[in-house]
Amino acid sequence: MTENIDTNADLDGGNDGNGAAWLSSVPENLRTNEAFKGIEKSSDAWQQFVDMKVNSETALQIPGDDATDEDRSAFMNKLGRPETAEEYTIAKPENLPNDVQYDENVEKVFKGVFHDVGLSDQNANKLWGKYHEMVAQGHEATQKAEKEAYDTAVNSLKDEWTGDKFKVNTEVAHRAFSGIFDDEGKNAEAKKFIEDTKVNGLPLGNHPMFLKVFQQIGSIIGDDKINQGRGNGLESGASDEDKAKKRFPNTKFK
């Protein structure tokens, strides 16, 4: 309920103990308005009006339902949004692990999203930093899980291949795989392939199934024939006939 303010007082602020005198100069229908409550002098009322006028010029007006796109854009810019998406200062975090790839195309996409939703540059940087913090944590968790899986698989195979057998059989498996290729370039590519390729988090060259299969292949074809594929079993200048005799010693050549 609106409180009634007595106006029976002197115009300049004096009163007879019953209210603010200056209100007698205010239209009667406004004298009981809450805006005038507690104001004892007309000079205070005018000062309040001036202050409100000044503040209204710098105050942020939330766009209403009938606001234009330009109105909304101007409002977001006043909140600290850069004029364009390219002006965001987000960049690759300095503490990002070296083996976590940073994609500048993803950065560009996020800049566009940040601009569309009206984020300030400061808030965009906070969100960008938090995102990559989570990426780094996920990467660390993945590495930990892969190492645990690797250790479990290798230890299981070591239990099967006891003593020096594990080291010997691993070497046989790798040589059998590499021996398939007939030149040093391809051999190097093969080595890189089994080191970089992962199966369930395990490097292919250390995966128990890979080691078992190629260890058996190596044992069957023998070290001498493995070396043939690398050019070590024959002199580099050997003829096709000499190579054939070397590979098929029980065959009679005319």
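Some values worked out for this structure:
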quantity	calculated
Residue among Lys144, Lys126, Lys165, Lys158 that alone is among the basic types (Lys, Arg), modelled with pLDDT of 85 or more and within 30 Å of Asn77 (Cα to Cα)	Lys126
Residues located in the range 130-154, provided they are surrounded by fewer than 13 Cβ atoms within 10 Å (Cβ to Cβ), farther than 30 Å from Asp69 by Cβ and within 18 Å of the chain's Cα centre (by Cα)	Met134, Gln137, Gly138, Glu140, Ala141, Thr142
Long-range neighbours under 9 Å by Cβ, at least six apart or interchain, first residue farther than 15 Å from Pro208 by Cβ within the range 134-163, second modelled with pLDDT of 85 or more and surrounded by fewer than 11 Cβ atoms within 10 Å (Cβ to Cβ)	Ala136/Asn95
Those residues of the range 167-181 which are more than 40 Å from the chain's Cα centre (by Cα) and assigned to a helix (DSSP H, G or I), in sequence order	Val168, Asn169, Val172, Ala176
Criterion violated by Thr152 - all others in (1) part of a helix (DSSP H, G or I); (2) at pLDDT below 85 satisfied	(2)
Residue match in the range 158-166 (condition: more than 30 Å from Asn206 (Cα to Cα) and out of contact with any strand residue (DSSP E or B) (no Cβ under 6 Å at 6 or more places or on another chain))	no
Subset tally (residues that are in a loop (DSSP other than H, G, I, E, B) and within 18 Å of Asn123 (Cα to Cα)) for the range 62-86	6
Members of the range 109-149 that are part of a helix (DSSP H, G or I), polar (S, T, N, Q) and in contact with a Gly (Cβ under 8 Å, 6 or more places away or on another chain)	Gln122, Asn123, Thr142
Residue within the range 155-174 that is closer than 27 Å to Val106 by Cβ and surrounded by 13 or more Cβ atoms within 10 Å (Cβ to Cβ) present	no
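Condition check ((1) in contact with a Phe, Trp or Tyr (Cβ under 7 Å, 6 or more places away or on another chain); (2) among the acidic types (Asp, Glu); (3) modelled with pLDDT under 75) across all residues:
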| position | (1), (2), (3) |
| --- | --- |
| Lys41 | yes, no, no |
| Asp44 | no, yes, no |
| Glu57 | no, yes, yes |
| Ala67 | no, no, no |
| Lys78 | no, no, no |
| Ile90 | yes, no, no |
| Glu94 | no, yes, no |
| Pro97 | no, no, no |
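The values are calculated or read from the model by the stated rules, or taken from the named source; none is laboratory data. In this text, all values refer to a predicted model and were calculated from it rather than measured experimentally. Every residue, glycine as well, gets a Cβ built from its backbone with ideal geometry; the counts of neighbours run over all protein chains shown.
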